[in-house]
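What follows is a short report on a single structure.
The values are calculated or read from the model by the stated rules, or taken from the named source; none is laboratory data. As the structure is a prediction and not an experimental result, all values here were calculated from the model. Note that we place each Cβ from the backbone using ideal geometry, even for glycine, and neighbour counts take in every protein chain shown. Surface areas here come from the heavy atoms of the whole protein model, side chains and all, with no ligands, DNA or RNA. Shrake-Rupley method; radii C 1.70, N 1.55, O 1.52, S 1.80 Å.
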Amino acid sequence: MYHYILQVYPEPHKEEDWAAEDDFIDRPGLIPIADHVKTVCDRNSAIRHLEQWFHAHHMGTFSGGAFVLAPDARSHYFAGRYPEFRRNLKALEAVSETQYINDHDYVEKLLSDLVSSFSTCRDSYVMESDDPPVPFDRFIRTAAPGVPYYIGAVMEYHC
């Protein structure tokens, strides 16, 4: 399955400054689950797709190659996910000392479920300027609403 890696800047940048496939070749650990990373074939189509998703999920506005997160974007994006996180947390809290000591696979799965319900790593990633990519969940949690994010490179990765 393919997912996007979106590079964003606090102001517009020239295309020659954007990330490229070569930036990922010597750094395979940037997105550990990625088989390979490449530049999207049709950047404009990818941005239109993102813009449509943005509007459908009430995340904010798009204009002139940039997007601005709405003040309530986080609430819209994470709507319905907190109950799953709480269920996974309760399941982990119910682990006995005996299970903790003797049932590695079970406890490891509970931990994985908890982490996945907090931040999905098998989804799109965002690179702020030249910083390493972070999962879209993390970007949404830390991005500033009302601030324009100008889109640079649009890459995709396969996992």
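Identify the residues of the range 128-159 with backbone N under 11 Å of a label point that sits 7 angstrom from the Cα of Arg43 along the Cα-to-Cβ direction, or state none.
151-155
Considering amide H positions built from the backbone, and no H for Pro or chain starts, which residues 5 or more places from Ala153, or on another chain, come under 5 Å of its amide H?
For Ala153, the qualifying residues are Gln7, Ala19.
Tally up the carbon and sulfur contribution to the accessible surface of the range 16-159 as a whole percent, 1.4 Å probe, everything protein left in place.
That share works out to 52 percent.
Using Cα atoms only, what is the angle between the long axis of helix 104-118 and the major principal axis of the chain, expressed in degrees (0 to 90) to the nearest 10?
Orientation of helix 104-118: about 40 degrees from the principal axis.
Could you name the lysines in cross-link range of Lys38, using Cα to Cα under 30 Å and dropping any fewer than eight places away on the same chain?
By straight Cα distance, Lys38 reaches Lys14.
Any lysines with Cα under 29 Å of the Lys90 Cα? List them, leaving off those in the same chain fewer than 8 positions away.
Straight-distance partners of Lys90: Lys109.
Antiparallel DSSP bridges in the chain: what percent, to the nearest 5?
That works out to approximately 85 percent antiparallel.
Under the Karplus relation 6.51 cos²θ - 1.76 cosθ + 1.60, θ = phi - 60°, what is the ordered set of whole-Hz ³J(HN,Hα) values for the range 63-75, x standing for Gly and Pro?
Residue by residue, the range 63-75 yields 6, x, x, 9, 10, 10, 6, 6, x, 9, 4, 4, 4 Hz.
Going by accessible area, probe 1.4 Å, with all protein chains left in place, what is the ranking of Arg81, Arg74, largest first?
Arg74, Arg81
Could you state the per residue volume, in Å³, of the convex hull enclosing the Cα atoms of the range 37-159?
125
For Asp123, what is the net charge nearby, where nearby means another residue's Cβ is under 11 Å from its Cβ and Lys, Arg count +1, Asp, Glu -1?
Around Asp123, the charge tally is +1.
For the ranges 113-122, 85-94, what's the packing order if you count other beta-carbon atoms within 10 Å of each residue, average per peptide, and put the highest first?
Going from most to least packed, we get 113-122, 85-94.
Per residue, how much accessible area does the range 1-154 have with a 1.4 Å probe, in Å²?
62
Once the range 90-143 is represented by equal point scatterers at the alpha-carbon sites, with solvent omitted, what log10 I(q)/I(0) does the Debye formula produce at q = 0.29 Å⁻¹?
So the normalised log intensities work out to -1.07.
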